Amino acid sequence: MADETRDTRDEEYQDEAPEDVEEAPTDDDRTDDWDDWRARATEDDRPQGREDDSGYEEPAPELGRLNRDYVIPGVSSEDSNPYRWHTGEKRDHGGEDAIEVIDLVKQFGRTRILNGLNLGLPDNQISMVLGPSGTGKSVLIKHIVGLLYPDAGDVLVHGESVPNMTDDELFEMRKKFGLLFQDGALFGSMNVFDNTAFPLRQHTDKSEDEIGEIVNRRLREVGLAEATQKMPNELSGGMRKRAGFARALVLDPAIVMFDEPDSGLDPVRTALLCELIREIHEENGGCYLVISHDLGTARRIADFLAVLWKGRIVESGPSDELFGSDNEFVAQFLNAETEGPLAMD
């Protein structure tokens, strides 16, 4: 069941992998080529930490062990202990986790982006995953919503394993999510109203009157009540993000995820967007996850912080505690210091 889901998901998101990743033969090509491809696959190609048909359970990747068969961005081949700063400590946030990520591994070709990542994201709080560019923050989001299948490990959403879901189960699970992408991801052929109404028309049987009431309410909340008939190319960058935010909210999701919402915005509009996110979360509750590397955004809205580096969480916990952390890397990154483990290379 999980293998069927993996096949369809990996085909849809093949563009996430580098060009040198070998594709499996299609169903139409299941001849000797298929057998050859299967024969070349190693045990490492199967998700680890899971039972196979024989009942044998492979161990999850050993933490702290650097496998020379792959490369990790930011890790020198000379470094025998790249995780010396990664305590993995998760400070108590005083609530229940809506999302749990367990020993997550994802590799494209020889490049391992996530390498045994563990993380719990609390319900009814705004969480933020911070880290240097290229550390796998967006790859993490795509695993949480089931757009990518892990090579090892698990992702639980409200206690249910995402990698083990069928396509139908994934479809239902994704209704729990609202997603705001970096550019708003609006349909260029639709006006603001129709963009915002799209999830309601696709996933509910509501009448147009009901849809209009919900859409207009959400657009008022984000300050776009007068822009319902505008096309995306008539909007500023900040307006496109707000329209995307309104669309992410129309299904009343339990979990809302923001992929670098501050990207491309000036400091004032970034502050206004942060204020909007905070206000709407206070009204609606739920688990909000923000992916960013902007410290100003972290200080403005985050209740819970996790610092990601070299494919693993260095440390996570309530934001006020992490900003005072004595971990050498966390202190350097969250205080934007030039001296410390993180360098220009």
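Values in this text are rule-based calculations from the coordinates and carry no lab data. The shown structure was predicted, so the numbers you read here are calculated from the model rather than taken from an experiment. Glycine gets a Cβ as well: all are built from the backbone with ideal geometry, and neighbour counts include every protein chain shown.
Summary of computed values
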| item | result |
| --- | --- |
| Which of Phe108, Phe187, Phe258 has the fewest Cβ neighbours within 10 Å, and the rest in rising order | Phe187, Phe108, Phe258 |
| Antiparallel DSSP beta bridges within region 89-335, as percent of all bridges there, nearest 5 | 50 |
| Top positive-direction residue, dipole computed over region 89-335 with Cβ charges, set Ile99, His158, Phe329 | Phe329 |
| Compactness of region 89-335 as Cα Rg over 2.2 N^0.38 Å, two decimals | 1.00 |
| Shape box of region 108-238 [Cα atoms, principal axes, largest first, Å] | 47, 33, 30 |
| Rg and Dmax of region 202-329, Cα atoms only, in Å | 16.8, 56 |
| For Val314, residues with placed amide H under 5 Å, excluding near neighbours | Val307, Leu308, Trp309 |
| Ser263 versus Ser133: modelled label distance in nm, points set 7 Å from Cα along the beta carbon direction | 1.1 |
| Residue order, fewest to most beta carbons within 10 Å, for Trp309, Trp85 | Trp85, Trp309 |
| Length added when fully stretched, Met190-Phe171, from 0.36 nm per residue minus Cα-Cα | 4.5 nm |
| Label point at Asn335 placed 7 Å out along Cα→Cβ; residues across region 114-133 whose backbone nitrogen lies under 20 Å | 130-132 |
| Region 89-335 - charge dipole about Cα centre, Lys and Arg +1 at Cβ, Asp and Glu -1, debye rounded to 20 | 840 |
| FRET efficiency, Asn164 to Lys206 (Cβ-Cβ, R0 22 Å, nearest 0.05) | 0.10 |
